[in-house]
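Comments concern the structure below.
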Amino acid sequence: MMKILVCISKTPDTTAKIAFTDNNTKFAEAGVQFILNPYDEWYALVRAIELKEADPATVLHLINVGGAENDPIIRKALAIGGDEAIRVNSNSHDDFYIASQIAEVARQNHYDLIFTGKETIDYNGSSIGGMVAELLNLPFISLATKFSLEGNTATVEREIEGGEEVNVVNLPAVVSCQKGMAEQRIPNMRGIMSARTKPLKVVEPVPADTFTEIASFELPPAKAGVKLIPADQPEELVRLLHEEAKVI
Amino acid sequence: MSVLIFLDQADGHIKKSSFEAASYGAKLAQDLNTSAEGIVLGNVHDDLPSFGKYGLKKIHTIKNDVLNNFDDEVFTHIIAEAAKNTGAKAIIFSNNFNGKSIAPRLSVMLKAGLVTGAVGLPQISNGFIVKKSVFSGKAFANVSIKTEIKIISLNANAYKVSEGEGTAEVVELQVQIPESRVKVEAVNKVSGEIPLAEAELVVSGGRGLKGPENWAIVTDLAKALGAATSCSRPVSDSDWRPHHEHVGQTGLTIAPNLYIAIGISGAIQHLAGVNRSKTIVVINKDPEAPFFKAADYGIVGDAFEVVPKITEAVKKLKGII
Ligand SMILES: Cc1cc2nc3c(=O)[nH]c(=O)nc-3n(C[C@H](O)[C@H](O)[C@H](O)COP(=O)(O)OP(=O)(O)OC[C@H]3O[C@@H](n4cnc5c(N)ncnc54)[C@H](O)[C@@H]3O)c2cc1C
Ligand SMILES: Nc1ncnc2c1ncn2[C@@H]1O[C@H](COP(=O)(O)O)[C@@H](O)[C@H]1O
């Protein structure tokens, strides 16, 4: 029987206004809508659900390291699919700390396969998957675009500069998922109803180090404004790119 | 003591992003009063001693064909050994596909704090604080690394390559190469294409181009400029262009010197992948297209008329015709 763990995280909606409070040390959450991180939802979770559909004996767990305010997002993930969710009750933003919590839960439950998203779209770490793999001494395949399974052997395509690579690995393994793995799914009514009764276990974090700390945030300087060039003078654009912007 | 820089290779040549990492690492080494040393794994055909010009004093290498195939575990193991041997205080990667696979593992192995997506040199006067890109390019975070050893992976085009004088001493690393647990069955590369992730110039097309049959105006301009090509998400979702060209929030994040957007409206999720580009040019027939707000230069007009003329002007500038 296969056991799969999908790591899910919560991020601000892709159109959220990015602003900071408390002397630029905190993201301004007021009025911001939060969503499941798209890579986790569209690719990691849906591919795992497909694997379970192909073999209904598969057990599919979801994990999130976060506070109680993440529960609605976790329920949404359960509405798309999965048997149960585990939330490790901590608000840390440190990648090593989060990875340590995921690794601890994985050690207790012995998963054959751990999926993460490619990265969170807020902090853009792209780190948790590799860290979890190292903590559990497992192979890691990053940035997977395709995943297929035969018995205990996974064939995974991963993106590399200017192309892709086909990897073959025996489970257990950790895989970070991106576009190509699966197609986005919208939760249906039955899923939403059943998600209400699926277990969402809350566990307390184990002690772990933190390696980093966010000292402050800043916004990029505003653009000076667009310089419009008449449509019948494309040479002028090329001249400006050459002489003024000096990029060609 | 050292600052150790991972020099990533493909097909026997060190990647351009690694020259940026080397220049960055060399400057950091200078600030930390230590020496910058590179590490190259696998058989490369480049003249390694000449990379001294980027400020590297030494280059550690293992010339072994086994290492021509990337394996994150094997590479991490060897880099960790090299880091111990050279007493590395900081280890620098490019924040590319391979960097994203190794750096997190190495962070755990060496108990070294990691900042990915760095866009500038660390502030070291009071602690060790690295500025990184967050919210998909919409903001920056200054992240303090609290561990003894620091790992930084640098975004492409975020640090200028600097060349000086100097020759690097090349030393063969004495490390046992561990067994690989992942078998690379095939490597499929589109040959002759400029890799998008590290391209300095990018020409991009959106749904405004109506269909894949019209893409020649994009590829012709890219060819004249020596640029890579990219596209918006609906374009790759409709298979007008290959998936690896998709830029934006859910695609690749790029920061070239020049990004030319043709027939792309400039949705916030698209901008997230390209708004760190140094110069943005927008060509759109709708003067109200949101992309103009993020642009440096713009032409309001029909792409099918305007773009071929730009291509001609570029060719003229370059003396191609
Ligand atoms: C969670 C989420 C994530 C997303 N991630 C991404 C992402 O990563 N990348 C991405 O690109 N999108 C992403 N999107 C989609 C994004 O919101 C937009 O829908 C998309 O970027 C629009 O693509 P487009 O600009 O090519 O097409 P359109 O919005 O249809 O724009 C076409 C433009 O072409 C112009 N035009 C038409 N004809 C001509 C002509 N003859 N000459 C010149 N101009 C012309 C039009 O005026 C228009 O501005 C995401 C959306 C969501 C919800
Ligand atoms: N707090 C979290 N809880 C559970 N999984 C997470 C958390 N943060 C990140 N992840 C997972 O790790 C992936 C990479 O995140 P990051 O390294 O933070 O960019 C995400 O796509 C998630 O799958």
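The values are calculated or read from the model by the stated rules, or taken from the named source; none is laboratory data. Since the structure is predicted, the reported quantities are computational estimates derived from the model, not experimental observations. Every residue, glycine among them, receives a Cβ derived from its backbone with ideal geometry; neighbour counts consider all protein chains shown. The area values use the complete protein model at the heavy-atom level, side chains included, leaving out ligands, DNA and RNA. Shrake-Rupley method; radii C 1.70, N 1.55, O 1.52, S 1.80 Å.
Among the residues of the range A:121-151, those identified as buried (at least 24 other Cβ atoms within 10 Å of the Cβ) and more than 9 Å from chain B (Cβ to nearest Cβ) are A:ALA144, A:PHE147. Out of all the residues in the range B:271-282, is one or more open to solvent by 50 Å² or more (accessible area, probe 1.4 Å), away from ligand 2 (no atom under 16 Å from the Cβ) and in contact with a helix residue (DSSP H, G or I) (Cβ under 8 Å, 6 or more places away or on another chain)? Checked against the condition, which is being open to solvent by 50 Å² or more (accessible area, probe 1.4 Å), away from ligand 2 (no atom under 16 Å from the Cβ) and in contact with a helix residue (DSSP H, G or I) (Cβ under 8 Å, 6 or more places away or on another chain), the range B:271-282 yields at least one hit.
Quick grid of which residues meet (1) out of contact with any helix residue (DSSP H, G or I) (no Cβ under 9 Å at 6 or more places or on another chain); (2) open to solvent by 80 Å² or more (accessible area, probe 1.4 Å); (3) among the small types (Gly, Ala, Ser):
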{"position": "A:VAL169", "(1), (2), (3)": "yes, no, no"}
{"position": "A:GLY180", "(1), (2), (3)": "no, no, yes"}
{"position": "A:ASN188", "(1), (2), (3)": "no, yes, no"}
{"position": "A:LYS201", "(1), (2), (3)": "yes, yes, no"}
{"position": "A:ILE214", "(1), (2), (3)": "yes, no, no"}
{"position": "A:GLU218", "(1), (2), (3)": "yes, no, no"}
{"position": "A:LEU228", "(1), (2), (3)": "no, yes, no"}
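Considering the conditions (1) assigned to a loop (DSSP other than H, G, I, E, B); (2) facing chain B (nearest Cβ under 8 Å), A:SER216 is excluded by exactly one of them, (1). Here the range B:248-270 is the region considered, the condition is being of a type in the set (A, V, I, L, M) and within 6 Å of ligand 1 (Cβ to nearest atom), and the residue that is least open to solvent (accessible area, probe 1.4 Å) is B:ILE264.
If I filter the range B:303-316 for residues that are free of Cβ contacts under 8 Å to residues at least 12 places away in the same chain, away from ligand 2 (no atom under 16 Å from the Cβ) and under 25 Å from the mean Cα position of the chain (by Cα), do I get at least one hit? So far as the range B:303-316 goes, no, none of its residues is free of Cβ contacts under 8 Å to residues at least 12 places away in the same chain, away from ligand 2 (no atom under 16 Å from the Cβ) and under 25 Å from the mean Cα position of the chain (by Cα). Checking each residue in the range B:290-313 for being crowded, with 18+ Cβ neighbours inside 10 Å, within 11 Å of ligand 1 (Cβ to nearest atom) and not small (Gly, Ala, Ser) picks out B:PHE291, B:PHE292, B:ILE299, B:VAL300, B:VAL306, B:VAL307.
Condition first: over 17 Å from A:LEU241 (Cα atoms), within 16 Å of ligand 2 (Cβ to nearest atom) and buried (at least 18 other Cβ atoms within 10 Å of the Cβ). Can you find one or more residues in the range B:222-240 that meet it? No: zero hits. With the structure loaded, tell me whether B:GLY52 is farther than 23 Å from A:VAL132 by Cβ and either without any contact (Cβ under 8 Å) to a residue 40 or more places away in the chain or assigned to a loop (DSSP other than H, G, I, E, B) (or both) or whether it fails that test. Taking the combined requirement at face value, the residue does not satisfy it. Yes or no: A:THR155 open to solvent by 40 Å² or more (accessible area, probe 1.4 Å) and within 9 Å of chain B (Cβ to nearest Cβ)? So A:THR155 fits the description; yes. Taking residues in the range A:34-48 that are more than 17 Å from A:SER142 (Cβ to Cβ) and within 11 Å of chain B (Cβ to nearest Cβ), and partners anywhere that are part of a helix (DSSP H, G or I) and near ligand 2 (Cβ under 9 Å from one of its atoms), not one pair has Cβ atoms closer than 9 Å while being at least 6 places apart or on different chains. In the range A:74-105, the qualifying residues are those that are among the small types (Gly, Ala, Ser) and away from chain B (no Cβ under 14 Å), and the one that is farthest from ligand 1 (Cβ to nearest atom) is A:SER90. Taken over the range B:172-211, the residue count meeting the criterion of being within 16 Å of ligand 1 (Cβ to nearest atom) and not hydroxyl-bearing (Ser, Thr, Tyr) is 11.
With respect to B:ALA80, is the statement that it is without any contact (Cβ under 8 Å) to a residue 60 or more places away in the chain, more than 9 Å from chain A (Cβ to nearest Cβ), out of contact with any Gly (no Cβ under 7 Å at 6 or more places or on another chain) and of a type in the set (A, V, I, L, M, F, W, C) true?
yes
Hey, B:ASN188 hits all of (1) at pLDDT below 95; (2) farther than 30 Å from B:ILE254 by Cα but one; which does it fall short on? Failing condition for B:ASN188: (2). Counting only strands (runs of 3 or more DSSP E) that fall entirely inside the range B:87-186 and contain at least 1 residues that are open to solvent by 40 Å² or more (accessible area, probe 1.4 Å), over 22 Å from A:SER100 (Cβ atoms) and facing chain A (nearest Cβ under 10 Å), the qualifying elements are B:129-134. For the range B:124-131, the criterion of a residue being within 24 Å of A:THR11 (Cβ to Cβ) and in contact with a Phe, Trp or Tyr (Cβ under 9 Å, 6 or more places away or on another chain) is satisfied by at least one position. Identification of strands (runs of 3 or more DSSP E) wholly contained in the range A:1-73 with 2 or more residues that are buried (at least 16 other Cβ atoms within 10 Å of the Cβ) and more than 15 Å from ligand 1 (Cβ to nearest atom) yields A:3-7, A:59-66.
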